[in-house]
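The values are calculated or read from the model by the stated rules, or taken from the named source; none is laboratory data. Fair warning: this is a prediction, and the values are worked out from it, not measured in the lab. Here the Cβ positions follow ideal geometry from the backbone for every residue, glycine too, while neighbour counts run over all protein chains shown. Side chains included, ligands, DNA and RNA excluded: accessible areas come from the protein's heavy atoms. Shrake-Rupley method; radii C 1.70, N 1.55, O 1.52, S 1.80 Å.
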Amino acid sequence: MKILPTKDAVKKFLLSLPNSQTTVGLVPTMGALHEGHLDLVRKAKENSDIVIVSIFVNPTQFNNPDDFAKYPKTLDKDLDLLKNIGVDAVFVPDNQEVYPESPLIKIDFGDLERVLEGSFRPGHFNGVGIVVSKLLNIVKPHKAYFGQKDLQQVAVIKRLVKDLSFDVEIIVVPTVREASGLALSSRNLRLSPVQRENALVLYKSLSFAKTELLKGESWFTIKSEVENQFQQTPEVELEYFELVDSDKMTVLESLQEGISLSICTAAYVGDVRLIDNISVNH
Ligand code: AMP
């Protein structure tokens, strides 16, 4: 497995590939890898000749400096996992390599980012848009892999690719969960055992809300019951719990036929912010 610390090293690696027909799959990550990331890598290995994983904790997508400072870093372990699973190369740039200068451009995803993560994390999707654009330009993959766990990020990236005509196919991989239902997340490393238990309220509420909605219960009633469940869970502070159109991210008040629907939530567990979502009708 090649370790590529610079854009030049990536370029040389790409030039060394056997022929121009070789397909390249990119899995962008911020490290502290878990089975969710590894599932993206497995999917990439199935679909692409060469798999490149990037590990870069992107400062421009953090609106909270404390969250950035405390973001878990486990590089040695990450590299072992990637080597064992058979990744071809890992792009591990430092900040200077990615941001020789602070970008002047700003990306505004309009209505896609006025809700959910975008409204609670101002500037987050600008940072995501910029770093993903850079990674796509540096690695020039045929396919890039993203997790459904970050549903709004998927919507934003699909739109980025369309709006800027990036020549890449975006592949979305389902969320990997613990047996308890807790969605795997690098930030789970920061939870105490008790907080991990309390964090189950996210998935339990999503499952409950989906079942009730499909039974015909009103969204208003479901949401107030869920808010109650959150209030009764120690150390957990709900930020949002919304029914949305999975592609446009519009917030809805009731079930709608003919479109893909998801329920999305974000909550603090102690000082760790977690997000999760569940698809309602697919
Ligand atoms: P991150 O390192 O958190 O930026 O995540 C890198 C990629 O892994 C993103 O596309 C995430 O959506 C995806 N990802 C994170 N957690 C999971 C999970 N539990 N299951 C599947 N994909 C995930």
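Please go through (1) within 16 Å of the ligand (Cβ to nearest atom); (2) among the aliphatic types (A, V, I, L, M); (3) in contact (Cβ under 8 Å) with a residue 40 or more places away in the chain for Ile55 and return the number of the only condition it doesn't satisfy.
For Ile55, the failing item is (3).
Going by the conditions given, is Asp247 of a type outside the set (Lys, Arg) and over 14 Å from Lys204 (Cα atoms)?
Spelling it out, Asp247 is indeed of a type outside the set (Lys, Arg) and over 14 Å from Lys204 (Cα atoms).
Does Leu189 satisfy the criteria of being within 13 Å of the ligand (Cβ to nearest atom) and either touching a residue at least 60 places away in the same chain (Cβ under 8 Å) or open to solvent by less than 70 Å² (accessible area, probe 1.4 Å) (or both)?
Considered against the rule, which asks whether it is within 13 Å of the ligand (Cβ to nearest atom) and either touching a residue at least 60 places away in the same chain (Cβ under 8 Å) or open to solvent by less than 70 Å² (accessible area, probe 1.4 Å) (or both), Leu189 comes out as yes.
Which residue is nearest to Cys264 (Cα to Cα), if the candidates are limited to the range 126-138 and must be within 16 Å of the ligand (Cβ to nearest atom) and touching a residue at least 60 places away in the same chain (Cβ under 8 Å)?
Ranking the qualifying residues of the range 126-138, first place goes to Val128.
What is the one condition in (1) touching a residue at least 60 places away in the same chain (Cβ under 8 Å); (2) in a helix (DSSP H, G or I); (3) surrounded by 19 or more Cβ atoms within 10 Å (Cβ to Cβ) that Pro141 does not satisfy?
(2)
Counting just the residues of the range 192-208 that are closer than 27 Å to Val57 by Cβ and hydroxyl-bearing (Ser, Thr, Tyr), which one comes out nearest to the ligand (Cβ to nearest atom)?
Filtering first and then ranking leaves Tyr203.
So Leu4 ticks every box in (1) farther than 21 Å from Ile130 by Cβ; (2) more than 14 Å from the ligand (Cβ to nearest atom) but one. Which box is left unticked?
Only one criterion is unmet by Leu4, namely (1).
In the range 168-186, what count of residues is obtained for those that are farther than 25 Å from Gly25 by Cβ and open to solvent by less than 40 Å² (accessible area, probe 1.4 Å)?
The total comes to 2.
Keeping to the range 53-74, report how many residues are under 15 Å from the mean Cα position of the chain (by Cα) and under 14 Å from His37 (Cα atoms).
Within the range 53-74, residues that are under 15 Å from the mean Cα position of the chain (by Cα) and under 14 Å from His37 (Cα atoms) number 4.
Six or more apart or on different chains, Cβ atoms under 8 Å: show the pairs whose first residue is in the range 217-233 and in the same structural domain as Val244 (by TED's automatic domain parsing) and whose second is aliphatic (A, V, I, L, M) and open to solvent by 50 Å² or more (accessible area, probe 1.4 Å).
Trp219/Leu255
Is it the case that some residue within the range 148-165 is open to solvent by less than 40 Å² (accessible area, probe 1.4 Å), assigned to a helix (DSSP H, G or I), away from the ligand (no atom under 16 Å from the Cβ) and within 19 Å of Asn63 (Cβ to Cβ)?
No, every residue in the range 148-165 fails to be open to solvent by less than 40 Å² (accessible area, probe 1.4 Å), assigned to a helix (DSSP H, G or I), away from the ligand (no atom under 16 Å from the Cβ) and within 19 Å of Asn63 (Cβ to Cβ).
Out of all the residues in the range 192-205, which are out of contact with any Leu (no Cβ under 9 Å at 6 or more places or on another chain), polar (S, T, N, Q) and surrounded by 14 or more Cβ atoms within 10 Å (Cβ to Cβ)?
Gln195
On the basis of being among the acidic types (Asp, Glu) and at pLDDT below 95, does Glu257 make the cut?
When the stated conditions are applied, Glu257 passes them.
If I filter the range 168-184 down to residues being touching a residue at least 24 places away in the same chain (Cβ under 8 Å) and not β-branched (Val, Ile, Thr), which single residue comes out as farthest from the ligand (Cβ to nearest atom)?
Glu169
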